[in-house]
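For reference, the structure discussed in these notes is given below.
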Amino acid sequence: MQIFSFSPFGYEGALVAVEVDLRRGIPAVDVVGLADGAVKESRERMRSAIRNSGFPFPPERVLISLSPADLKKEGAGFDLALALAVLSANDRKNAAGSEHADPSDAVLVMGELELSGALRPVKGVNAAATTAAQAGITRCVVSAANGAEAREVHGMKVFAAANLAEAYAALSRPELFTSGEPVGRSSVPPGAVDVDGVLFPALRADGDMRDVAGQRRLVRALHVAAAGGHNVLAFGPPGCGKTLAMQRFPSLLPLLTVEEAQSVTRVHSVAGLLSPQQPLIRERPFRQPHQTASIEGMCGGGAYCRPGEISLAHHGVLFLDEAAEFKTSVLQMLRVPLESGTVSLSRAGRTTVYPAQFQLLLAANPCPCGNYGVSGKLCLCSGKAVEQYWRKFSGPLLDRVDIRVPVSVPDERSADAPYRCSSESLRVEIARAVAVQRRRQGKRNAYLIPQEVVQWCRLDTAGQSFLDTAAANNDFSPRAVSSCLKLARTIADMSGSERIAVAHLKEAIDLRRNDGPFAFFGGDV
């Protein structure tokens, strides 16, 4: 029997063949194949676990080879694979392994051993099982806590063991490996709400858009953004409610489809953030990193290329509150992932590509002191200071933000002061737009490529004339024009219209146009 384990590296990782040779010599255990400290320490854990599970440990000199030999291996996930490989080698030597499976058979094994022989869960099981299935390996042995995670991989038969003895017994009994029923793919998350065929997560008491008062324009902007996946920048003085509104944004987002959930789950599995109670992530991620986040923390990195915030936000939302307080290098790093939907990391001659198709929400003050343009308050910032404050974002980054919303502190005397709108009511139009987009193009409107914009965002003569005039008056870039078309397509989808009307274009341009502090950039963004 061929025993494989998994070495995580970036999004892909690699399968590792575990081979054991028992030879004459002073009893010892040697591990070769670029094993790191945690893997080498597996020797002692494995020895104690085997003996405490009632098995004899080979009295010979044990050589364990991990191949490919030029690939560095790390983590405690090799413990179980090493122990089972040693026991299988000992059986073969004693001619007692005839009852085990065909030697040409292959099985993926992952788990950390306690000294007693009990198994602990490890990270990366979803990624390991997916990689194994792609390589034609259809069976895997994991800890009981990782069993549901492994079963979410299509075509994988799983045995979830509580201890080493159970795992060893399973090797000779293929009937114990079952595919089961994938928990995440077969069931709707508790409390999920079906709105016209589109599933939404259950509303939480502290997650309803109704908490946002007197901000009709901001709520409408987030409404459109949720329907089409558009990026948003809200800027206004402290206390105006922009942060509160954006933290309520997840209540407007539909659940992930099964295909989307599988890639999101793999990223979180590699990062070690997957809960045993949630083997398949169905709610869209919402990541809110602190302003002190580094480039490595945002895009990923480290010796083994762990995912960063933008990959953890894949198919979800990345919210940067007080966005101007982030390092300029961090903000500029977002430009390529926003365009490509991926982030490429390279370390020590190896490269990995993480998916990073996220929706960007930005919240910022209008100036360093927060009072620029606020009626009744004095701004202490010079014009140069305000200009430098906004130039931190750069024109190319802001050009990738579809919706820009100036937000003011609600006036109790205004007509919008009593305005509140629940997430439940907003979901109706969002569901309509999401269903249309899934049928028509299989993706959200914000991610349409230029050829698809031409195909799905056609205008009649009146609409084209209106857009051309607006683009000239606002000095829109080609990307800004494309952004307006995609916004108009989303607004039309929300209203149930197959045709983009002038009214849809007018609202889209109003959401996109340069306002307030953007004047410092001229008309370029």
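Accessible area, 1.4 Å probe, largest first: how do K157, K486 sort?
The most accessible residue leads, giving K157, K486.
When the Karplus curve 6.51 cos²θ - 1.76 cosθ + 1.60 is applied with θ = phi - 60°, which whole-Hz ³J(HN,Hα) does each residue of the stretch 454-471 get, with x for Gly and Pro?
Whole-Hz 3J(HN,Hα) from phi for the stretch 454-471: 4, 6, 9, 10, 5, 10, 7, 4, 5, x, 5, 5, 5, 5, 4, 5, 5, 5.
Specify the inter-centroid distance of the stretch 215-249 and the stretch 368-434, based on alpha-carbon positions, in whole Å.
Value for the Cα centre distance between the two parts: 7 Å.
Rounded to whole Å and sorted largest first, list the principal axis extents of the Cα atoms in the chain.
Cα extents, longest axis first: 86, 48, 42 Å.
For T292, T131, T469, what's the largest-to-smallest order of accessible area, 1.4 Å probe? Can you show the working numbers first?
Working: T292 100, T131 20, T469 75 Å².
Solvent-accessible surface, decreasing: T292, T469, T131.
Using 0.36 nm per residue, how much length does the chain from D105 to A385 gain when fully extended, once their Cα-Cα distance is taken away?
The span from D105 to A385 would gain 94.0 nm if fully extended.
Given the whole protein assembly as supplied and a 1.4 Å probe, what does the accessible area of D208 come to in Å², nearest 10?
It works out to around 30 Å².
What percent of all Cα-Cα pairs in the stretch 334-445 falls in each 5 Å bin, counting up from 0?
All Cα pairs, binned at 5 Å, distribute as 2, 8, 11, 12, 15, 14, 14, 11, 7, 4, 1, 1, 0 percent.
With each label point set 7 Å from Cα along the Cα-Cβ vector, what nm distance links D460 and S172?
Taking the two extended label points, one gets 7.8 nm.
Between E296 and E322, what's the calculated FRET efficiency when r is the beta-carbon distance and R0 is 25 Å? Round to 0.05.
Efficiency computed from Cβ-Cβ geometry: 0.75.
For the stretch 100-163, what is the percent of antiparallel DSSP beta bridges, rounded to the nearest 5?
Bridges in the stretch 100-163 that DSSP calls antiparallel: roughly 30 percent.
Along the Cα-to-Cβ line of R499, 7 Å from the Cα, sits a label point; which residues in the stretch 425-461 have backbone N less than 19 Å from it?
454-461
Calculate the FRET efficiency for I449 and A202 from the Cβ-Cβ distance with a Förster distance of 56 Å, rounded to the nearest 0.05.
Once the sixth-power term is evaluated, E becomes 0.95.
Along the principal axes of its C-alpha atoms, what lengths does the stretch 420-512 span, in descending order and rounded to whole Å?
39, 32, 21
Please work out the Cα center distance from the stretch 1-78 to the stretch 322-350, rounded to the nearest Å.
Using only Cα atoms to place each centre, the spacing works out to 37 Å.
If you line up the long axis of helix 258-270 against the longest principal axis of the chain, both from Cα atoms, how many degrees apart are they, to the nearest 10?
60 degrees
Which value, in debye to the nearest 20, gives the size of the charge dipole of the chain about its Cα centre, when Lys and Arg are +1 and Asp and Glu are -1 at the Cβ?
460 debye
Let me understand the stretch 184-236 better: what is its radius of gyration from the alpha carbons, and its Dmax, in angstrom?
Just the Cα atoms of the stretch 184-236 yield Rg and Dmax of 14.1, 44 Å.
With every protein chain in place, what's the accessible area of H290 (1.4 Å probe, Å², nearest 10)?
Only protein atoms counted, so the area is about 120 Å².
Compute for the stretch 245-353: radius of gyration divided by Kirkwood radius, i.e. Rg/Rh, restricted to C-alpha atoms, rounded to two decimals.
0.96
To the nearest 10 square angstrom, how much accessible area does R61 have with a 1.4 angstrom probe?
Surface open to solvent at R61 totals about 70 Å².
For the chain, what is the mean residue ellipticity at 222 nm derived from helices alone (per DSSP H run of n ≥ 4: -39500 (n - 2.57); sum divided by total residues; nearest 500 deg cm²/dmol)? Intermediate results must be reported in sequence, preceding the final value.
Numbers: 20 runs with 193 residues, N = 525.
Theoretical 222 nm ellipticity from helices: -10500 deg cm²/dmol.
Enter the Cα centre distance for the pair the stretch 260-314 and the stretch 119-158, rounded to the nearest angstrom.
The two parts, judged by their Cα centres, are 19 Å apart.
Accessible area, 1.4 Å probe, largest first: how do S251, S414 sort?
If we order S251, S414 from most to least accessible, we get S414, S251.
Of A501, N371, A28, which is farthest on the positive side of the dipole of the chain, counting Cα position, with +1 on Lys and Arg Cβ, -1 on Asp and Glu Cβ, and the Cα centre as origin?
The one lying farthest along the dipole's positive direction is N371.
Pulled fully out, how much extra length does the chain show between L115 and A417, if you take 0.36 nm times their separation in residues and subtract their Cα-Cα distance?
102.3 nm
The values are calculated or read from the model by the stated rules, or taken from the named source; none is laboratory data. Here the structure is a predicted model, which is why all the values come from computation and not from measurement. Using ideal geometry, Cβ is built from the backbone for each residue, glycine included, and neighbour counts are taken over all protein chains shown. Areas reflect the complete protein model, heavy atoms only, side chains present, ligands, DNA and RNA absent. Shrake-Rupley method; radii C 1.70, N 1.55, O 1.52, S 1.80 Å.
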